[in-house]
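Peer 1: One structure, pasted below without further comment.
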Amino acid sequence: MGRAVDDVQAVLATSVALMLIPRSLFKRLEGFDPGYRLHAEDLDLCRGARLAGATDAVVDGVRVLHGRGVSSRAGPLFVDWHKHRGLLRYFRKFESGRRGPVVRAAVYVSIWLRFAITAVKVLRGRGQQRTG
């Protein structure tokens, strides 16, 4: 059964929960940037693919079973720490040089403030689990 063209939508990035990319393009892009531990490496790869002339797209109606949250259940602070580091790496790699000092500072503060808020929530949740 074929897909209607309307089901395919161009996007700026896709999640690596499921990503199909031609091996030749993946090799040309030199794969995932090993500087990312978790999160944002997919954004980086999609950006590279777009710059290489490829189109990032999603197909509506495709069903995929993804074990979401498996890593974060075992070590939520570890995962969140690396998620925020990944966002910061992406910003530094692609956007920082194009932004003024005030915007750069605001982005850095926002990323780490978000991590701090998330960390407090996680730690509070752990405390409640122990006492409950």
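Just so it is clear, none of the values below were taken in a lab; they were calculated from the coordinates. A quick note: this is a predicted structure, and the numbers were derived from the prediction, not measured. Using ideal geometry, Cβ is built from the backbone for each residue, glycine included, and neighbour counts are taken over all protein chains shown.
Peer 1: Explain nothing, just compute: Karplus ³J(HN,Hα) = 6.51 cos²θ - 1.76 cosθ + 1.60, θ = phi - 60°, for every residue of the range 94-101 in order, whole Hz, x for Gly and Pro.
Peer 2: Working through the residues one at a time gives 10, 10, 3, x, 9, 10, x, x Hz.
Peer 1: Residue by residue through the range 29-34, which ³J(HN,Hα) values in whole Hz follow from phi under the Karplus form 6.51 cos²θ - 1.76 cosθ + 1.60 (θ = phi - 60°), with glycine and proline marked x?
Peer 2: Once θ is set to phi - 60°, the couplings for the range 29-34 become 7, 6, x, 6, 5, x Hz.
Peer 1: Can you list which of the chymotrypsin sites (Phe, Trp or Tyr not before Pro) found in the range 26-95 are DSSP loop residues with at most 15 other C-beta atoms within 10 Å?
Peer 2: Loop-located and lightly packed - Phe32.
Peer 1: Taking 7 Å along the Cα-to-C-beta vector as the label spot, tell me the Leu65-Lys93 distance in nanometres, rounded to one decimal.
Peer 2: 3.2
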